[in-house]
Amino acid sequence: MTDFLQQDISVFVKRRPKKLSLTRQRKIIALFTNLFTSGFHLVEIVDFLKRSQLLADSYTSILSRGLMTGKSFAALLSDLQFSDVVVTQVSLAEVHGNLELSLTNIQDYLGNFIKVRKKLVEVATYPVILLGFLLAIMLGLNSYLLPQLEERNGVTRIMDYLPIVFLASVVASLVLVVLLKYWYRKSEKIRAVSLLVRLPFLGRLIQLYLTAYYAREWGNLIGQGLEMPRIIHLMQEQQSALFCSIGTELGLALDKGIAFEEHVKRYPFFKKELSLMIEYGQVKDKLGHELRLYADECWEEFFVRLTASMQLIQPLVFMFVALLIVLIYAAMLLPIYQHMEV
């Protein structure tokens, strides 16, 4: 009993790895892609990664334990805290058999998001630092300079409240983001996404993203000869709540005799062209191929729009910064000019 109590309690605690960053996810996917392409099996890959130390021991231990219990590749990635989007794509790829191509697509998908995030950081870093300095200057003016002025004007009154308004806006924005995430987590996913696509600017991006994502996955599954009942069953088994919900509703619609393209048309978060592409592909008997081509076009448009949106942020922030600088100068110089006129 004494020996038992003296054991390290960490032995009994399974450390769950933190959520992987996009960069880390892409590196791991790239490793698996290269090794699968080289002809390695999953067991051999895990053993190689463990011996080569290309992955941390905490990750290879999770992979080894998962393999011993017979988990699939998608389940292993889920244990490694990959995003639901990646896990779902891998899970479907294990069914339609085109795993290497799917991993390559996932690698490109993550790479594009990393580029966009890097661009956002580059665009926002300098303006954010500048805003911080300006906020400090405004607080200093309100604390030391403006109280010494005998005469107050409209600009000085604006300067009195501007720091408070700015900080309140930042806090309100953060609270709003937290509330939106909580609302989305608790709400029914199809209804929530249908509301989100109505948002200006962001709604269009969400619609493009979902259209590209589902067109590619449906195209891969149909292209491998899977029938719709089997595809619907697979959708209902996925980790993604939205994917599962769409699969459930699609199954009910098909049971009622509603065509695939007709049901897809009812979702506002899909582009209208998606249902037309499904109908066109069915007529040509090349539905899988047509959906994959359409998905590639949607992905390209999505990342072009996302990059363009990122490039708009910096000019808008600089305009706001310029306005603040003008207000600061006006608050300091107008009282001086007023005294000179007197």
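The values are calculated or read from the model by the stated rules, or taken from the named source; none is laboratory data. What you see is a predicted model, and the numbers here were worked out from it, not measured in a lab. Quick reminder, even Gly has a Cβ in these numbers, built from the backbone with ideal geometry, and neighbours come from all protein chains shown.
Quick check on the stretch 113-135. Is at least one of its residues in a helix (DSSP H, G or I), outside the structural domain of Tyr214 (by TED's automatic domain parsing), more than 21 Å from Leu306 (Cβ to Cβ) and at pLDDT 80 or above? No: zero hits. Starting from the stretch 81-93, take each residue that is within 13 Å of Tyr109 (Cβ to Cβ) and touching a residue at least 24 places away in the same chain (Cβ under 8 Å) and list its partners that are outside any loop (DSSP other than H, G, I, E, B) and β-branched (Val, Ile, Thr), counting only C-beta distances under 7 angstrom and pairs at least six apart or across chains. Partner pairs satisfying both residue conditions: Val86/Ile106; Gln89/Ile106.
In the set (1) without any contact (Cβ under 8 Å) to a residue 24 or more places away in the chain; (2) crowded, with 21+ Cβ neighbours inside 10 Å; (3) not hydrophobic (A, V, I, L, M, F, W, C), the condition left unmet by Thr248 is number (2).
The set of residues in the stretch 254-290 being within 30 Å of the chain's Cα centre (by Cα), free of Cβ contacts under 8 Å to residues at least 12 places away in the same chain and in a loop (DSSP other than H, G, I, E, B) consists of Arg266 alone.
Only one entry in Ala172, Ala168, Ala192 is crowded, with 16+ Cβ neighbours inside 10 Å, without any contact (Cβ under 8 Å) to a residue 24 or more places away in the chain and in a helix (DSSP H, G or I), namely Ala192.
Taking the criterion of being surrounded by fewer than 21 Cβ atoms within 10 Å (Cβ to Cβ) and either closer than 20 Å to Glu237 by Cβ or β-branched (Val, Ile, Thr) (or both), the residues of the stretch 83-102 that qualify are Ser83, Asp84, Val85, Glu94, Val95, Gly97, Asn98, Leu99.
Residues that are in a helix (DSSP H, G or I) and either among the charged types (D, E, K, R) or crowded, with 23+ Cβ neighbours inside 10 Å (or both) within the stretch 211-227 comprise Thr211, Ala212, Ala215, Arg216, Glu217, Trp218, Gly219, Asn220, Leu221, Ile222, listed in sequence order. Looking at the structure I just gave you, is Leu20 part of a helix (DSSP H, G or I), in contact (Cβ under 8 Å) with a residue 24 or more places away in the chain and not assigned by TED's automatic domain parsing to the domain that holds Arg230? When the stated conditions are applied, Leu20 does not pass them. Take the conditions assigned by TED's automatic domain parsing to the domain that holds Val128, on the phi < 0 side of the Ramachandran plot and surrounded by 13 or more Cβ atoms within 10 Å (Cβ to Cβ) and apply them to Tyr161. Does it pass? Judged against the criteria, Tyr161 is not a match. A residue that is more than 26 Å from Leu312 (Cβ to Cβ) and modelled with pLDDT of 75 or more cannot be found anywhere in the stretch 170-177. Only a single item in (1) farther than 30 Å from Val304 by Cα; (2) assigned to a helix (DSSP H, G or I) is not met by Gly70, and it is number (2).
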